Amino acid sequence: MIDTVYFEEEVLQHPTATRVRKALPKANWVPINRFQELFNIRNQNFRIQKKNPALILAKKFENFVLPVPSGFGMNSTKNFYFSHMYNCLYDCDYCFLQGLYSSANYVLFVNYEDFFEHISHTIEKNKNDSQMFFSGYDCDSLAFDKISGFSDQLIQFFEKYQNVEVELRTKSVVTKSLVKRPAIKNCIIAFSLSPNKIAEKLDNKAPSIRRRIKAMKDLADYGWLIGLRFDPLIYTNDWKVQYSELICEIMGQINVSSIHSVSYGLLRFPKKMYKKISNLHNTTGLFAFPLDINNNGVTSYGKEIESEMYHFIQKELQRYLPVKKIFHCTG
Ligand code: SF4
């Protein structure tokens, strides 16, 4: 699955690198100085590289914990994110990472312990506020877990901080590390979801919606709290029927008491990022639909469609859930 692993020489003896070595015994291992030498090269073609990405093992030195962009969090006073990895095994047409990075190679930062140290400083510094931490902003939180082993260590860490919440956002059904241990109540496993027909077209390489719902149900049965993330909402001719059926199906399978929160947000990109991504995908239906650019330079479906979708989704969700569990993401 991964033919080449580039590694910063300094990280080769790190336990995470040893784990990756065991998981990828047949890969060609190539030493480098710093990951930026490869990752930040200009004029790389994301789409071509995405066909066979390499893995880069690196050490992170700064920006371990960052405040989330506005409109991203839920009801905590302080919301932060961290990225132990850049890029993702999956290949969703709307993924903003294609607009953010010029390389589709995966970067895994092996020094998890430094992330945890910085997160604990952040928790201490903001101890008088409610806090939520988001994993999976620049990657999928669980998709690479068999190789990275990150979630296991993350959960062990957050188990000690029951007063803050952490979200693992995913489309993955790799839940082994979660079901083999007792659930913790401050960790939310948040699944990104779209109606089946839309996911089949756009969520390339990701598990089907049926498998995601099954994974959610299994996790809920094991006591984990589940997040539902309908973001981005995608507009089609029959979007109302499709979203209504999806929400109904999920609510038929998952008990409301296992649902921590539901959030939804429309397809939206900063103007420059939209241009870059749509150039990479000029043949797909998603980017053939005419989008609007608002005064803040955000490209989206425009006010009329946005308003219709928001009202409909909010109303559908309220049929099953209390309003306090439903959040509208704008960031
Ligand atoms: S699962 Fe998320 S991070 Fe991965 S390709 Fe899809 S949108 Fe991007």
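The values are calculated or read from the model by the stated rules, or taken from the named source; none is laboratory data. As the structure is a prediction and not an experimental result, all values here were calculated from the model. Here Cβ is always computed from backbone atoms with ideal geometry, including for glycine, and neighbour counts include all displayed protein chains. Remember, those area values only see protein heavy atoms, side chains included, never the ligands or the DNA or RNA. Shrake-Rupley method; radii C 1.70, N 1.55, O 1.52, S 1.80 Å.
Couple of notes before you dig in:
- Selection status of Val262, more than 14 Å from the ligand (Cβ to nearest atom), of a type in the set (Val, Ile, Thr) and open to solvent by 40 Å² or more (accessible area, probe 1.4 Å): no
- Residues of the range 123-156 that are open to solvent by 20 Å² or more (accessible area, probe 1.4 Å), part of a loop (DSSP other than H, G, I, E, B) and either within 16 Å of the ligand (Cβ to nearest atom) or more than 16 Å from Gly73 (Cβ to Cβ) (or both): Lys127, Asn128, Tyr137.
- There is no residue in the range 224-236 that is more than 30 Å from Ser70 (Cβ to Cβ) and open to solvent by 30 Å² or more (accessible area, probe 1.4 Å).
- Candidate set from the range 4-56 (those that are among the basic types (Lys, Arg) and open to solvent by less than 90 Å² (accessible area, probe 1.4 Å)); member that is modelled with the highest pLDDT: Arg34
- Considering residues of the range 70-89 that are in contact with a Gly (Cβ under 7 Å, 6 or more places away or on another chain) and within 24 Å of Asp114 (Cβ to Cβ) only, the residue nearest to the ligand (Cβ to nearest atom): Phe72
- Cross-chain or 6+ apart pairs with Cβ under 8 Å, the range 294-317 first and under 14 Å from Leu266 (Cα atoms), then of a type in the set (A, V, I, L, M) and assigned to a loop (DSSP other than H, G, I, E, B): Thr299/Leu291; Ser300/Leu267; Ser300/Leu291; Tyr301/Leu267; Tyr301/Leu291; Gly302/Leu291
- Selection status of Phe109, away from the ligand (no atom under 13 Å from the Cβ), touching a strand residue (DSSP E or B) at 6+ places or on another chain (Cβ under 7 Å) and modelled with pLDDT under 95: no
- If you go through the range 16-49 and keep only what is touching a residue at least 12 places away in the same chain (Cβ under 8 Å), over 22 Å from Lys276 (Cβ atoms) and not basic (Lys, Arg), you end up with Thr16, Ala17, Val20, Ala23, Leu24, Ala27, Asn28, Trp29, Val30, Pro31, Ile32, Asn33.
- Across the range 157-195, the number of residues qualifying as under 16 Å from the mean Cα position of the chain (by Cα) and either within 16 Å of the ligand (Cβ to nearest atom) or part of a loop (DSSP other than H, G, I, E, B) (or both) comes to 15.
- Subset of the range 69-99 (residues that are closer than 10 Å to Tyr137 by Cα and in contact with an Asp or Glu (Cβ under 6 Å, 6 or more places away or on another chain)): Ser83, Tyr86
- Test: Phe289 is of a type outside the set (Ser, Thr, Tyr) and without any contact (Cβ under 8 Å) to a residue 60 or more places away in the chain: yes
- Scanning the range 288-299 finds no residues that are open to solvent by 20 Å² or more (accessible area, probe 1.4 Å), over 22 Å from Lys197 (Cα atoms), in a helix (DSSP H, G or I) and touching a strand residue (DSSP E or B) at 6+ places or on another chain (Cβ under 9 Å).
- Scanning the range 157-179 for residues that are acidic (Asp, Glu) and either crowded, with 22+ Cβ neighbours inside 10 Å or more than 23 Å from Thr77 (Cα to Cα) (or both) returns Glu165, Glu167.
- For first residues located in the range 50-78 and farther than 28 Å from Leu38 by Cβ and basic (Lys, Arg), partners that are open to solvent by 50 Å² or more (accessible area, probe 1.4 Å) and assigned to a loop (DSSP other than H, G, I, E, B) and lie 6+ apart or on another chain with Cβ distances below 6 Å form the pairs Lys78/Asp129.
- Per-region count, the range 249-275, residues assigned to a helix (DSSP H, G or I) and in contact (Cβ under 8 Å) with a residue 24 or more places away in the chain: 10
- Applying the set (1) assigned to a helix (DSSP H, G or I); (2) surrounded by 21 or more Cβ atoms within 10 Å (Cβ to Cβ) to Glu117 leaves exactly one unmet item: (2).
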